[in-house]
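Peer 1: Provided herewith is a single structure, encoded as structure tokens, for subsequent inquiry.
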Amino acid sequence: NERPTFKQSVSLSLNILACFLYMMNYYIVEPSSTRYANALGQGDAMSGLIIGAMPWAALFSAIIYSIWSNRCYRSPLLTSGILLVLGNLLYATAYQYNSIEMALCGRFMTGLGGPRSMNRRYIADTTPLARRTAVNAAFGTATALGAALGPATAIMLNNAEFQFDVSIYGTVYFNGMTGPGYLMSLLWIAFTITLGLVFEEPTVRSGLEEQCRKEAMDLNVQSESQLNNATANATIRSMSIDDATKEDSLTNSSNSASIGSQFSKLSNNLTVPVKICMFLLFSKMFTVESVISAASMVTKNRYGWAVQQVGTLGTIVGCLTIPISIFIGWISQYREDRVLMIWLMSFAALGMGLLVDVTDFVSTETDTFNEGSALAVGPRRYIAGYLLVFCSVQAFDGVVGSVLSKVIPTALATGTLNSGLLATVVGTFGRACGDVFITSVGYIDLRQIMNLLFVPSFFILISDLALIGWNYDILTA
């Protein structure tokens, strides 16, 4: 494999940076969302809608970006940047007009600008198979850093309080509630300008071509044992047609399939390994969201933590994810992806098990939450469990994304419903369902919120581990 040029490396880095900024954008409003909802005349429950508007919008825009990126990457990435700038400005401006509708529209527009499906597809299309796990590990690191630095940045912005007038726009109120919107709009402006200046459109999707060649070689080996079989001849003729279709896609043919035919192709090419990877993506996002997004609620009720302590925990854990992801990227050169999946999922299940408080099954003493019992979940055990779950699942994200890009049939890799779109939609849906799950169990019993959240998540991770073990032989490229 040829080494990438400087501009190709920069383009890849910009895609990873976009992922980081987007995840930071998602979590930066979390600490102040309740306070912002109150300031706009709404109750605490509205904060859930403020956070949740973004992933639901991203589900729709991901499909549009996937269709668009069949032809190019530059234009949809620039459009994404513009939407993110406008969405954050609208979110911050809502304070000036005391409008919750404007804030929700701003978050929805920010979700419409979500570039993660394009970022994932760019990695799959342009990165050689040998380097793909390492690059996906960097993608996972960017995700973890964004999730960690978002709340930490919100804490720092909470100390800012000033205002000034801008012609045409009006008065800018910069505080802990509007600061996230204004800051992210400035960051996205800088990113979009940089993207427009240095991003290089890939002339050849080398990673996809390599995967096509590998799949063709595998099919040739398989067909050699069936040369005397008439069915094999029909298969070879069918593959010739498929190859021609792939070449048309790689050269940006103007003939595009309808959405109906794309869904038909998806159902026909959803192999068992692809289904397993999609389930793993959904479940890992569902479980990690139950830990991250519920942290402020759980720690406030059990340990009396303030927003600053929750943000500090997220920042520290996010920083620890960096060396772990670097290690995963390095060791992926010597260990198979499926081995790494077993390791990481085992650590995640162990961490989730630490968060289950067995004393709450026999005692519901409210004031101290069974403090002093050796089996109770105290602050130190909570931090240890949080660390194991967060770091393991975020590192797992890069590995399972790499596996999906390798096992997905090239018939899907070249179409609208590609690995990048599938991974983004499934993961975003898992995150959105996790937020709904947190809200639901919060209404059931706030005293038992820890076990209501973490017992189901623990069994989900155990089932993931069993699923990987049972299908170990087919989870390979």
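The values are calculated or read from the model by the stated rules, or taken from the named source; none is laboratory data. Owing to the predicted nature of the structure, the values given are computational and were not obtained by experimental measurement. Neighbour counts run over all protein chains shown; Cβ positions are idealised from the backbone, glycine included. Heavy atoms of the whole protein, side chains included, go into the accessibility calculation; ligands, DNA and RNA do not. Shrake-Rupley method; radii C 1.70, N 1.55, O 1.52, S 1.80 Å.
Peer 1: Limited to segment 418-477, what total is found for residues that are of a type in the set (F, W, Y) and either in contact with a Lys or Arg (Cβ under 6 Å, 6 or more places away or on another chain) or in contact (Cβ under 8 Å) with a residue 24 or more places away in the chain (or both)?
Peer 2: 5
Peer 1: Condition check: in a helix (DSSP H, G or I) and open to solvent by 20 Å² or more (accessible area, probe 1.4 Å). Does V310 satisfy that? Can you show your working first?
Peer 2: Numbers: in a helix (DSSP H, G or I): yes; open to solvent by 20 Å² or more (accessible area, probe 1.4 Å): yes.
The answer is yes for V310.
Peer 1: In segment 68-91, which residues are of a type in the set (F, W, Y) and either open to solvent by less than 40 Å² (accessible area, probe 1.4 Å) or in contact with an Asp or Glu (Cβ under 8 Å, 6 or more places away or on another chain) (or both)? Walk me through how you get there before you give the answer.
Peer 2: So the first thing to find is which residues in segment 68-91 are of a type in the set (F, W, Y), and the list is 68, 73, 91.
Of everything in segment 68-91, those that are of a type in the set (F, W, Y) and either open to solvent by less than 40 Å² (accessible area, probe 1.4 Å) or in contact with an Asp or Glu (Cβ under 8 Å, 6 or more places away or on another chain) (or both) turn out to be Y73, Y91.
Peer 1: Restricting to helices (runs of 4 or more DSSP H) lying wholly in segment 79-165: which have 3 or more residues that are within 30 Å of I328 (Cα to Cα) and among the small types (G, A, S)?
Peer 2: On the way: elements: 100-112, 116-126, 129-157.
Correct list: 129-157.
Peer 1: Please go through (1) in contact with a helix residue (DSSP H, G or I) (Cβ under 7 Å, 6 or more places away or on another chain); (2) touching a residue at least 60 places away in the same chain (Cβ under 8 Å) for W330 and return the number of the only condition it doesn't satisfy.
Peer 2: The failed condition is (1).
Peer 1: Can you pull out every residue in segment 1-40 that is over 29 Å from L313 (Cβ atoms), assigned to a helix (DSSP H, G or I) and either among the hydroxyl-bearing types (S, T, Y) or within 12 Å of the chain's Cα centre (by Cα) (or both)?
Peer 2: Scanning segment 1-40 gives S9, S11.
Peer 1: Of everything in segment 92-119, what is touching a Ser or Thr at 6+ places or on another chain (Cβ under 7 Å), open to solvent by less than 20 Å² (accessible area, probe 1.4 Å) and of a type outside the set (G, A, S)? Give them in sequence order.
Peer 2: P115, R116, M118
Peer 1: Could you go through segment 148-155 and let me know if any residue there is aliphatic (A, V, I, L, M), at pLDDT 90 or above and crowded, with 16+ Cβ neighbours inside 10 Å. Can you show your working first?
Peer 2: From segment 148-155, those aliphatic (A, V, I, L, M) are 148-149, 152, 154-155; that's our starting set.
Going one step further and asking which of them are at pLDDT 90 or above, we end up with none.
No, segment 148-155 contains no residue that is aliphatic (A, V, I, L, M), at pLDDT 90 or above and crowded, with 16+ Cβ neighbours inside 10 Å.
Peer 1: Now for a separate question. Considering only residues that are surrounded by 12 or more Cβ atoms within 10 Å (Cβ to Cβ) and either out of contact with any Ser or Thr (no Cβ under 7 Å at 6 or more places or on another chain) or at pLDDT 90 or above (or both), which ones fall in segment 163-176?
Peer 2: V172, Y173, F174, N175
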